[in-house]
Amino acid sequence: MARRSTKTPPPGGEFEERVLDIDVVDEMQGSFLEYAYSVIYSRALPDARDGLKPVHRRILYQMHEMGLRPERGYVKCARVVGEVMGKLHPHGDSAIYDALVRLAQPFSMRLPLVDGHGNFGSLGNDDPPAAMRYTECRSAPAAGLMVESIDEDTVDFAPNYDGSESEPSVLPSAYPNLLVNGASGIAVGMATNMPPHNLGEVIAAARHLIRHPGADLETLMRFVPGPDLPTGGRIVGLEGIKDAYAKGRGTFKIRATVSVENVTARRKGLVVTELPFNVGPEKVISKIKDLVNGKKIQGIADVKDLTDREHGLRLVIEIKNGFNPEAVLEQLYKLTPMEESFGINNVALVDGQPLTLGLKELLEVYVDHRFTVVRRRSEFRRGKRRDRLHLVEGLLVALVDIDEVIRIIRSSENAAQAKESLIARFGLSEVQTQYILDTPLRRLTKFDRIELEAERDRLKAEIEELTRILESDAELRKLVSSELSAVARKYGTPRRTELLSSADVPAAAVPLQVADDPCRVLLSSTGLLARTAGGEPAFDSSAKRRKHDVVVSAVPATARGEVGAVTSAGRLLRISVIDLPQLPENSAPNLAGGARFTEFLSLRDGEELVCLTTLDESSPGLALGTEQGVVKRVVPDYPSNKGELEVITLREGDRIVGAVELRTGEEDLVFITDEAQLLRFPAGQVRPQGRPAGGVAGVKLGQGAKVISFTAVDPAADAVVFTVAGSHDTLVGEVGTAKLTPFDQYPRKGRATGGVRCQRFLKGEDHLTFAWAGAAPARAADAKGSPVDLPEPDPRRDGSGTPLAKPVSVVAGPV
């Protein structure tokens, strides 16, 4: 029991204390209900007719009263907030400004109602809006639809908080704003959370309901299959949407829109262009970094936010080599806000009472509201036209006998006597008589009479049309439907959110890490590295040639293994195969999609990449040939704990000109010098040595001569020798005379001998500028990798060459 003490003056003039006993339960119940109703009705829940809370409604109405139309200039948001707070909304300015900001955010509203100028925040509120003194605003075109015809007695007005102003209880709302823009709010004991929808779809459903009031939910869902969120994304699973449309409550999942792209020459990545509703990129990035640092997710190398105003949202998630992007994406969906749940709770006010509404009920409330608005607007317009017609008819009566009217007015003592005399003489009403007295004489001409008669006829036709609408329910429905159709045509936009049933979403059957499958690592003539799927060679001599199709080195490997790169300085460097870009199956042996070897290897000044090799210690090993004529077979001993190894100790000034991994050990080793001498001898004549050894004599060189080519050729295979001759003034790779000769024309000789002549010099030629021996058919290219045609084979081993059409920089056989 509670006691309340009051003091009232007793009859005797002395104060006496009087205590009222009040039940605490009754007092708390009454006070709490008053507070709860105030929160529900005045703050938290939207009206089902216009889809607005009181603060949003007051903002739009006050901006309309201030004349802030789309064609006008912007004004400071602080001015709008001040007007709303001072006249209509007796609450804090921050609450009003927050509501105004949301009305201007295109990522929050499917059809924004405020046109903002300045920083109005970002997706997920990662970047909060600027203060109201900095930002500016004006009404968006859609806001005009909300207050359209509000001055034609279409809605009821009520006094503001102090009775000095009046405000609308609801806006006319020329489109279904509650469904189109959604709503969210927390009241006392209840809440609302409604997603946005597509304007065209919602209006199509409303028009169908106008034509067919008994339409069922399944039919309406053909027009509105699901929400259409401002940020796009993908809705996964439609069962929750069906529940929400039927009962007012349901849950669905929103997924980010992601594509797998090559973000760098070496890595693939996940490119996010759309995020779930109300989720910002900073929230996603922060969660991914926490998961990576906590080692709860694997395969992510880096996350970059490349969002800008020109391209919109672009979040790039780089995937480590060796991991499947699709599998990593499934992990991200499970562990980050890239997949979020949205709980629909369609609670709105209907006749001041909070109700949970399904799709059909929401449309019915809105359609009934539009019927009321259009009916009241038609009655208002008909009344205005009737009043005008009454005045026009009175003026026409006066014009018929204008001389008599003037005589009566001139003979009258005052205006009151003139009014009484005109009423008595012509049978006019007081309103008509007063209008005649107020009309200037210049309006009483013959031309004005014609205009008045035309106006009278037009007014009668409009009154008849409005009466027909008011007296016919079918005409009223037809008018409302046509107005909605016009709104859809003008403001409708394509759907942004993709709807996927659960069956449309593939299961994550892809393993997280790339399998250690066989592949081949290729090196092109232009220094591009890549790997192919499968371990079998791929060569089609009949295929149309393209740039970068000359492969100078190819070795078998596995996707998660390593290969070696031999340099001209005698070093062997390791390359992780998984780091290399993988070529499409139809592109081999073209390496246009490869990456420069400099992205994987660090070479010294003047050092060049010579060839690739496997690190298989069961192979016959490497064969090396140097510029000074040294040959070496390397024992395949490659410790796995060293990233760099030396495979030969070179003499001062010497360098490797050729290297090849032997397959059988039965190959022939071939030296070609710039003196046009070719030496061919079996690889078995060279004893394998350890990596630090310096090799043995390979070819005997003349004074000032040097080796320009060293290769290994399978004697059982079809092979050719290609040479280009020139003078000392001719640079390597420039046009000269070339010769293509079958390899079997050259006999075997002993190691460390001078070999045989492979091309006869013409006048002005004194050395070879280029030479190569290898398996046929041979492919040639220039320094940029473009194909070059080779001459026809010449059976003479020491014949002279023929001029080339284009310079040759490299020649290689099939891979």
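The values are calculated or read from the model by the stated rules, or taken from the named source; none is laboratory data. Everything numeric here is computed off the predicted structure, so don't read it as measured data. Positions of Cβ are generated from backbone atoms using ideal geometry, with glycine treated the same way; all protein chains shown enter the neighbour counts.
Among the residues of the range 777-789, those identified as surrounded by 18 or more Cβ atoms within 10 Å (Cβ to Cβ) and of a type in the set (A, V, I, L, M, F, W, C) are A778, A780, A781, V788.
Please tell me if V724 is at pLDDT below 95, part of a strand (DSSP E or B) and assigned by TED's automatic domain parsing to the domain that holds L624. When the stated conditions are applied, V724 passes them. Inspect all residues belonging to the range 739-755 and state whether any of them is of a type in the set (D, E, K, R) and over 18 Å from D668 (Cα atoms). Checked the range 739-755: at least one residue is of a type in the set (D, E, K, R) and over 18 Å from D668 (Cα atoms). Only a single item in (1) closer than 22 Å to L522 by Cα; (2) modelled with pLDDT under 95; (3) not aliphatic (A, V, I, L, M) is not met by P639, and it is number (1). Restricting I235, I203 to residues that are assigned to a helix (DSSP H, G or I) and more than 21 Å from A44 (Cα to Cα) narrows the list to I203.
Answer with yes or no whether A716 is surrounded by fewer than 17 Cβ atoms within 10 Å (Cβ to Cβ) and either within 21 Å of L662 (Cα to Cα) or touching a helix residue (DSSP H, G or I) at 6+ places or on another chain (Cβ under 6 Å) (or both). The answer is yes for A716.
Selection of the range 140-165 for residues being in contact with a Pro (Cβ under 6 Å, 6 or more places away or on another chain) and not aliphatic (A, V, I, L, M) yields P141, E148, S149, T154, F157, Y161. Within the range 625-651, the residues that satisfy the criterion of being of a type in the set (A, V, I, L, M), surrounded by fewer than 24 Cβ atoms within 10 Å (Cβ to Cβ) and within 55 Å of the chain's Cα centre (by Cα) are V635, L645. Listed by first and then second residue, the pairs linking a residue in the range 662-691 that is assigned to a strand (DSSP E or B) to a residue that is surrounded by fewer than 22 Cβ atoms within 10 Å (Cβ to Cβ) and of a type in the set (S, T, Y), with Cβ atoms under 7 Å apart and 6 or more places separating them unless they lie on different chains, are L679/T753. Screening S640, S618, S709 for residues that are closer than 17 Å to R757 by Cα and of a type in the set (S, T, N, Q) leaves exactly one candidate, S709. Within the range 130-176, being basic (K, R) and over 20 Å from P106 (Cβ atoms) holds for one residue alone: R133.
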